[in-house]
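All remarks here apply to the structure that follows.
The values are calculated or read from the model by the stated rules, or taken from the named source; none is laboratory data. Everything quoted here is computed from the prediction, not taken from an experiment. Neighbour counts are summed over all protein chains in view; Cβ atoms, including those assigned to glycine, are modelled from backbone coordinates with ideal geometry.
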Amino acid sequence: MTHAPPFASSADPGVDADTLSMLRETLHRYVRERLVPLEDQVAREERIPDEVIAEFRDMGLFGLTLPAEYGGLGLNMSQEVELVMELTWTSAAFRSLVSMNLGVGSHAILMDGTQEQRHRWLPDLASGKVIAGFALTEPDSGSDSAALRTRAVRDGDHYVLNGSKRFISNAPLAGLFTVMARTSPERLPGNAHVSAFLVPADTPGLRVGEKDRKMGHSGAATADVYFDNVRIPASALLGGVEGRGFVSAMKALDRGRVNISALCVGQGKRILHEMLRYATERKQFGKPIAEFQLLQAMFADSKTDLYAAECMVRDTARRRDAGERISLEASCCKLFASEMVGRIADRCIQVYGGAGYMQESRVERFYRDVRLFRIYEGTSQIQQLVIAKELLKTFEAF
Ligand SMILES: Cc1cc2nc3c(=O)[nH]c(=O)nc-3n(C[C@H](O)[C@H](O)[C@H](O)COP(=O)(O)OP(=O)(O)OC[C@H]3O[C@@H](n4cnc5c(N)ncnc54)[C@H](O)[C@@H]3O)c2cc1C
């Protein structure tokens with residue numbers, strides 16, 4: 001299959017191999033020595049300690065994927081997924097803190113913002129001074145995201161926003177929201193009724209609701225965001241052109257889906273590790289349960305699942321770095337990786353037996369956390385629809 005290269009005319013080299021390996025080793029150690037011991041506290045207190053947020057800033061984690069000219073580290077996608085796989089050996093809440101700055105919250109600005117918007121926001125997003133939120137979903141529009149109702153009405157040199165957004169990650173911490181709003185009352189072809197706006201969280205009329213009470217991901221907050229006659233300058237329109245918001249969102253989500261797939265691999269590796277550790281320690285019938293072949297089949301299936309997902313993630317990242325359009329591959333990755341980590345978490349509970357059902361076991365928490373990955377940034381069904389649509393467009397060239 002061939003793809004037109006819409007992102008770059010040449011491969012994105014990212015950082016040199018020594019820098020990447022130093023970053024990986026540092027993160028590998030930091031995750032095990034600093035973050036893993038904090039997992040229970042983060043789950044209990046439902047927040048990431050301020051000192052950890054400061055350490056993330058010092059380590060440059062908010063700016064991994066932004067170019068050096070904006071203060072980022074300039075990793076390409078292949079390098080980004082390697083670091084995300086390292087970071088997600090621990091609770092997914094830690095990655096959630098930086099996820100919007102690494103992905104949809106900054107890359108829509110990088111890809112489609114004006115020069116002024118890039119210079120105004122990207123350095124603060126790269127340093128972590130500002131945490132990003134991405135506001136697309138609404139009470140009545142989730143999978144059918146273009147059916148959104150939030151309105152942006154032009155009034156002289158301003159737009160006035162009214163409406164509400166639902167389940168917005170990082171909303172209580174965010175300093176900037178990329179908000180998708182309708183600039184035309186009619187639904188237009190190509191979803192050109194949707195525009196994107198860069199809205200500072202302290203704009204009068206913007207209100208963040210109570211933190212949602214979720215099944216998992218304790219420590220990573222989501223909330224509703226309300227817009228009540230929020231008046232923003234016309235210069236806040238992403239790219240300065242109406243009607244391009246939906247396309248910007250979808251481009252940014254393609255990247256986001258690969259990042260989430262890498263997250264699924266990282267979590268899957270950790271859960272498999274916990275599965276093997278427990279199975280070698282727990283004894284029944286006079287020997288470690290790891291010696292029973294029926295359990296060994298679960299280890300083997302989990303490793304095979306993980307290996308497949310890891311290969312898919314690396315291949316898709318490499319294609320994007322080469323400038324290929326990756327909508328199809330990104331959806332294949334998100335679909336497979338999010339389902340595979342669910343299977344691994346389920347097997348892990350089985351290997352733990354009754355202990356796996358108890359809250360004291362870490363794996364019960366992972367089981368709840370990974371359930372989310374099949375839902376957000378496009379459910380599994382939506383990924384299937386994207387894959388089928390792309391296939392039907394391109395199958396004749398196979
Ligand atoms: C913890 C969390 C964090 C989130 N963070 C953000 C965020 O930061 N920003 C943001 O904008 N959104 C965010 N979301 C929202 C998330 O992206 C949506 O929940 C998701 O896209 C699904 O939309 P929905 O919940 O409205 O489900 P619905 O769209 O109502 O779907 C319900 C079911 O119907 C299925 N379905 C829908 N349409 C079809 C179809 N055409 N064919 C087959 N099946 C279909 C779905 O797959 C699903 O199984 C977050 C959600 C959660 C839970």
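Of note:
- Scanning the range 54-66 for residues that are of a type in the set (Lys, Arg) and more than 30 Å from Pro233 (Cα to Cα) turns up nothing.
- Yes/no for Thr65 being surrounded by fewer than 14 Cβ atoms within 10 Å (Cβ to Cβ) and in contact with a helix residue (DSSP H, G or I) (Cβ under 9 Å, 6 or more places away or on another chain): no
- Being at pLDDT 95 or above, in a helix (DSSP H, G or I) and more than 15 Å from the ligand (Cβ to nearest atom) is a property that Asp202 lacks.
- Verdict on Leu272 being in contact (Cβ under 8 Å) with a residue 24 or more places away in the chain and within 16 Å of the ligand (Cβ to nearest atom): no
- Of the criteria (1) surrounded by 20 or more Cβ atoms within 10 Å (Cβ to Cβ); (2) among the aliphatic types (A, V, I, L, M); (3) closer than 22 Å to Val84 by Cα; (4) in contact with a Phe, Trp or Tyr (Cβ under 8 Å, 6 or more places away or on another chain), which one Leu306 fails: (4)
- Test for Phe366: is it within 25 Å of Met250 (Cα to Cα), out of contact with any His (no Cβ under 6 Å at 6 or more places or on another chain) and of a type in the set (Phe, Trp, Tyr): no
- Test: residue in the range 297-306 that is within 16 Å of the ligand (Cβ to nearest atom) and not assigned by TED's automatic domain parsing to the domain that holds Ser169: no
- Listed by first and then second residue, the pairs linking a residue in the range 378-398 that is more than 17 Å from Gly256 (Cβ to Cβ) to a residue that is near the ligand (Cβ under 10 Å from one of its atoms) and hydroxyl-bearing (Ser, Thr, Tyr), with Cβ atoms under 6 Å apart and 6 or more places separating them unless they lie on different chains, form an empty list.
- For the range 213-227, the count of residues that are more than 15 Å from the ligand (Cβ to nearest atom) and under 28 Å from Leu122 (Cβ atoms) is zero.
- Scanning the range 146-198 for residues that are within 14 Å of the ligand (Cβ to nearest atom) and not in a strand (DSSP E or B) yields Ala146, Ala147, Leu148, Arg149, Thr150, Asn170, Ala171, Pro172, Leu173, Ala174.
- Within the range 98-137, considering residues that are touching a helix residue (DSSP H, G or I) at 6+ places or on another chain (Cβ under 8 Å) and of a type in the set (Asp, Glu), the one surrounded by the fewest Cβ atoms within 10 Å (Cβ to Cβ): Glu116
- First in the range 61-90 and touching a residue at least 12 places away in the same chain (Cβ under 8 Å) and closer than 17 Å to Trp121 by Cβ, second anywhere and surrounded by fewer than 24 Cβ atoms within 10 Å (Cβ to Cβ) and of a type in the set (S, T, N, Q), Cβ under 7 Å, 6 or more apart: Phe62/Ser127; Gly63/Ser127; Gly71/Ser127
- A residue that is aliphatic (A, V, I, L, M), touching a residue at least 60 places away in the same chain (Cβ under 8 Å), within 19 Å of Val98 (Cα to Cα) and surrounded by 24 or more Cβ atoms within 10 Å (Cβ to Cβ) occurs nowhere in the range 232-242.
- Of all the listed residues (Cys348, Cys311), the sole one being of a type in the set (A, V, I, L, M, F, W, C) and under 24 Å from Leu391 (Cβ atoms) is Cys311.
- Complete set of residues in the range 127-145 that are within 9 Å of the ligand (Cβ to nearest atom) and β-branched (Val, Ile, Thr): Thr137
- Leu75 satisfies every condition listed in (1) farther than 18 Å from Asp16 by Cα; (2) under 17 Å from the mean Cα position of the chain (by Cα) except (1).
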